[in-house]
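Asker: What follows is a structure written as structure tokens; I'll ask about it next.
The values are calculated or read from the model by the stated rules, or taken from the named source; none is laboratory data. Treat the numbers as computed from the prediction; the structure is a model and nothing was measured. Here Cβ is always computed from backbone atoms with ideal geometry, including for glycine, and neighbour counts include all displayed protein chains. The accessibility values were calculated without ligands, DNA or RNA, using every heavy atom of the protein model including side chains. Shrake-Rupley method; radii C 1.70, N 1.55, O 1.52, S 1.80 Å.
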Amino acid sequence: MTMLTVIGEGLVDVVQRASGIQAHVGGSPLNVAVGLARLDHPVQFVGRYGRDAYGDSVAAHLRSSSVMLPLPPDELPTSVATALIDDDGAATYTFDLAWELPGLADRLGFMLQGTTLLHTGSIATMLEPGAAEVLAAVEHAHPSATISFDPNCRPSIITDVDYARQQAEKFVVLSDVVKASDEDLAWLYPGQDVLDSARKWLALGGEEGPAMVVVTRGAEGPWGVCRAGEASVPAPKVDVADTVGAGDSFMAALLSGLVDRELDGAQNRQDLRELPVEGLAELLEHAARAAAVTVSRPGANPPTRTELHEAAKEA
């Protein structure tokens with residue numbers, strides 16, 4: 001039985017456009033959890049939210065996609081991200097965040113029981129005090145579960161690039177599957193070729209390091225490197241509503257593709273490392289298709305398995 005666990009922040013995105021203000025539930029890890037659930041995987045979301053109206057909307061959003069919530073709300077306010085959308089549909093963010101998971105260490109054994117894949121990333125892996133708790137959870141899960149990581153950098157929150165780089169590398173070394181945007185890598189390693197930075201991440205940890213590192217490049221399409229070599233696929237042609245949640249839909253579909261191939265779980269780590277280049281290309285194509293569905297409609301709205309299947313038939 002597969003069980004997927006996502007650890008990280010959930011928050012409310014307050015989106016300001018010329019046409020007005022809207023509030024949506026978001027947060028990169030939360031979006032990945034929803035994306036996985038919509039692709040018919042059993043998934044639990046380990047994150048925090050408050051006993052307030054925004055917290056209620058976070059819990060309701062997760063439950064509406066059948067994501068399990070093992071942690072109750074806490075006494076802190078729910079985190080809020082304010083996004084200013086320009087005329088091109090690009091977002092600029094400001095944040096009001098609380099990130100901590102007190103007492104998580106004591107519950108990890110029970111909470112992660114049966115987890116075959118653990119995903120984390122973004123603010124949750126960078127912002128203390130919660131980042132240390134997330135790292136401990138990844139270390140706990142590593143002997144039994146596939147680990148995936150997306151740094152999804154937020155320079156407006158974590159302004160110290162040297163610190164962010166060190167944090168990211170701590171998680172990369174422990175991960176089997178890493179996804180980053182070209183913007184993430186350009187910020188973390190200024191002046192370096194983005195794909196070279198990804199190749200270096202694949203080499204981190206030697207034989208124990210990642211099985212694949214994938215780079216999303218917007219309209220240029222995704223690129224990836226695994227032990228067997230490198231692959232890239234074109235981005236599907238689509239009318240863009242906005243890019244909110246595109247990377248998270250991509251991540252969810254990438255992981256869904258691995259689970260569908262029964263490559264999750266530490267017992268399958270060697271098979272994952274031996275993935276052929278053709279398999280990598282197929283995963284990139286599958287994930288790019290999910291991102292294309294998401295950018296074709298407003299907000300972080302990842303596709304269901306049926307929608308993704310329809311998109312594949314039309315391609």
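Asker: Tally up the residues in segment 67-95 that are modelled with pLDDT of 85 or more, of a type in the set (S, T, N, Q) and either open to solvent by 20 Å² or more (accessible area, probe 1.4 Å) or out of contact with any Phe, Trp or Tyr (no Cβ under 8 Å at 6 or more places or on another chain) (or both), please.
Answerer: Of the residues in that region, 1 qualify.
Asker: Of all the residues that make up segment 210-233, how many are outside any helix (DSSP H, G or I) and modelled with pLDDT under 95? Talk me through it step by step, then tell me what you get.
Answerer: Taking segment 210-233 as the starting set, the residues that turn out to be outside any helix (DSSP H, G or I) are 210-217, 221-233.
Those still in the list that are modelled with pLDDT under 95 too: none.
Residues flagged as outside any helix (DSSP H, G or I) and modelled with pLDDT under 95 within segment 210-233 amount to 0.
Asker: Would you confirm whether any residue within segment 260-268 is modelled with pLDDT of 95 or more and within 15 Å of Val215 (Cα to Cα)? Break it down into steps so the answer makes sense when it comes.
Answerer: As a first pass, look at segment 260-268 and keep what is modelled with pLDDT of 95 or more: 260-268.
Filter once more, keeping what is within 15 Å of Val215 (Cα to Cα): none.
Within segment 260-268, not a single residue is modelled with pLDDT of 95 or more and within 15 Å of Val215 (Cα to Cα).
Asker: Consider Val32 against the criteria (1) surrounded by 16 or more Cβ atoms within 10 Å (Cβ to Cβ); (2) without any contact (Cβ under 8 Å) to a residue 60 or more places away in the chain; (3) closer than 20 Å to Thr304 by Cα: it satisfies all of them except one. Which criterion is unmet?
Answerer: Going through (1) surrounded by 16 or more Cβ atoms within 10 Å (Cβ to Cβ); (2) without any contact (Cβ under 8 Å) to a residue 60 or more places away in the chain; (3) closer than 20 Å to Thr304 by Cα one by one, Val32 breaks only (2).
Asker: Give me the residue from segment 284-306 that is without any contact (Cβ under 8 Å) to a residue 60 or more places away in the chain and part of a helix (DSSP H, G or I) and, out of that set, surrounded by the fewest Cβ atoms within 10 Å (Cβ to Cβ). Reasoning before the result, please.
Answerer: Of the residues in segment 284-306, the ones without any contact (Cβ under 8 Å) to a residue 60 or more places away in the chain are 285-286, 289, 292-298, 301, 306.
Checking the rest, the ones that are also part of a helix (DSSP H, G or I) come to 285-286, 289, 292-295, 306.
Values: Glu285: 19, His286: 20, Arg289: 24, Ala292: 21, Val293: 21, Thr294: 29, Val295: 23, Thr306: 11.
The residue in question is Thr306.
Asker: Among the numbered criteria (1) in a helix (DSSP H, G or I); (2) in contact with a Leu (Cβ under 7 Å, 6 or more places away or on another chain), which single criterion is violated by Gly279?
Answerer: Every listed condition holds for Gly279 apart from (2).
Asker: Could you look through segment 1-29, keep only residues that are among the hydrophobic types (A, V, I, L, M, F, W, C) and under 24 Å from Gln267 (Cβ atoms), and pick out the one that is most open to solvent (accessible area, probe 1.4 Å)?
Answerer: Residues of segment 1-29 that are among the hydrophobic types (A, V, I, L, M, F, W, C), as a first pass: 1, 3-4, 6-7, 11-12, 14-15, 18, 21, 23, 25.
Adding the requirement that they be under 24 Å from Gln267 (Cβ atoms) leaves 1, 3-4, 6-7.
On the way: Met1: 196, Met3: 40, Leu4: 0, Val6: 1, Ile7: 2 Å².
In this case the residue turns out to be Met1.
Asker: Another question, if that's okay. Check Leu76 against each of (1) touching a helix residue (DSSP H, G or I) at 6+ places or on another chain (Cβ under 9 Å); (2) closer than 19 Å to Gly130 by Cβ and name the one condition it does not meet.
Answerer: The failed condition is (1).
Asker: Say we look at segment 106-149 and pick out the residues that are hydrophobic (A, V, I, L, M, F, W, C) and outside any helix (DSSP H, G or I); which of these is farthest from Gln167 (Cα to Cα)? Step through it out loud before you land on a result.
Answerer: Within segment 106-149, the subset hydrophobic (A, V, I, L, M, F, W, C) is 108, 110-112, 117-118, 123-124, 126-127, 131-132, 134-138, 141, 145, 147, 149.
Filter once more, so that each one left must be outside any helix (DSSP H, G or I): 112, 117-118, 126-127, 145, 147, 149.
On the way: Leu112: 23, Leu117: 21, Leu118: 17, Met126: 6, Leu127: 10, Ala145: 21, Ile147: 16, Phe149: 12 Å.
Among them, the one singled out is Leu112.
Asker: Further, regarding this structure: With within 18 Å of the chain's Cα centre (by Cα) and open to solvent by less than 10 Å² (accessible area, probe 1.4 Å) as the only criterion, which of Ser181, Ser122 stands out? Full working, then the answer.
Answerer: Details: Ser181 fails: open to solvent by less than 10 Å² (accessible area, probe 1.4 Å).
Going through Ser181, Ser122 in turn, the sole match is Ser122.
Asker: If you go through segment 138-145 one residue at a time, do you hit one that is open to solvent by 10 Å² or more (accessible area, probe 1.4 Å), within 16 Å of the chain's Cα centre (by Cα) and not charged (D, E, K, R)?
Answerer: First pass over segment 138-145, keeping only residues open to solvent by 10 Å² or more (accessible area, probe 1.4 Å): 139-140, 142-144.
Checking which are within 16 Å of the chain's Cα centre (by Cα) leaves us with none.
Within segment 138-145, none of the residues are open to solvent by 10 Å² or more (accessible area, probe 1.4 Å), within 16 Å of the chain's Cα centre (by Cα) and not charged (D, E, K, R).
Asker: Shifting gears a bit: Does any residue of segment 172-179 turn out to be basic (Lys, Arg) and in a strand (DSSP E or B)? Outline the logic, then answer.
Answerer: Within segment 172-179, the subset basic (Lys, Arg) is 179.
If we keep only those that are in a strand (DSSP E or B) as well, we get 179.
Yes, the conditions are met somewhere in segment 172-179.
Asker: Evaluate segment 230-237: report whether one residue or more is buried (at least 18 other Cβ atoms within 10 Å of the Cβ), under 18 Å from the mean Cα position of the chain (by Cα) and not polar (S, T, N, Q).
Answerer: There is no residue in segment 230-237 that is buried (at least 18 other Cβ atoms within 10 Å of the Cβ), under 18 Å from the mean Cα position of the chain (by Cα) and not polar (S, T, N, Q).
Asker: Can you find a residue that is of a type in the set (Gly, Ala, Ser) and modelled with pLDDT under 95 anywhere in segment 3-18?
Answerer: Within segment 3-18 (the criterion being of a type in the set (Gly, Ala, Ser) and modelled with pLDDT under 95), the answer is yes, since at least one residue qualifies.
Asker: Please determine, by comparing only the residues of segment 269-283 that are touching an Asp or Glu at 6+ places or on another chain (Cβ under 9 Å) and crowded, with 17+ Cβ neighbours inside 10 Å, which one is farthest from Leu118 (Cα to Cα). Before the answer, list the steps.
Answerer: In the first step, residues of segment 269-283 are kept if they are touching an Asp or Glu at 6+ places or on another chain (Cβ under 9 Å); the result is 269, 271-273, 277, 280.
Cutting the leftovers down to crowded, with 17+ Cβ neighbours inside 10 Å gives us 269, 272-273, 280.
Details: Arg269: 13, Leu272: 15, Arg273: 17, Leu280: 20 Å.
Step by step, filter segment 269-283, then rank; the result is Leu280.
Asker: Here is a further query. Filter segment 199-219 down to residues that are farther than 30 Å from Gln267 by Cβ and either surrounded by 19 or more Cβ atoms within 10 Å (Cβ to Cβ) or touching a residue at least 24 places away in the same chain (Cβ under 8 Å) (or both), then give me how many there are.
Answerer: As a first pass, look at segment 199-219 and keep what is farther than 30 Å from Gln267 by Cβ: 217-219.
Restricting the remaining residues to those that are either surrounded by 19 or more Cβ atoms within 10 Å (Cβ to Cβ) or touching a residue at least 24 places away in the same chain (Cβ under 8 Å) (or both) gives 217-218.
So the count comes out to 2.
Asker: Filter segment 250-265 down to the residues that are buried (at least 19 other Cβ atoms within 10 Å of the Cβ) and farther than 17 Å from Thr120 by Cβ, then identify the one that is nearest to the chain's Cα centre (by Cα).
Answerer: First pass over segment 250-265, keeping only residues buried (at least 19 other Cβ atoms within 10 Å of the Cβ): 250-259, 263-264.
Okay, now just the ones that are also farther than 17 Å from Thr120 by Cβ, so 253, 257, 263.
Numbers: Ala253: 10, Gly257: 14, Leu263: 18 Å.
Residue satisfying both the conditions and the ranking: Ala253.
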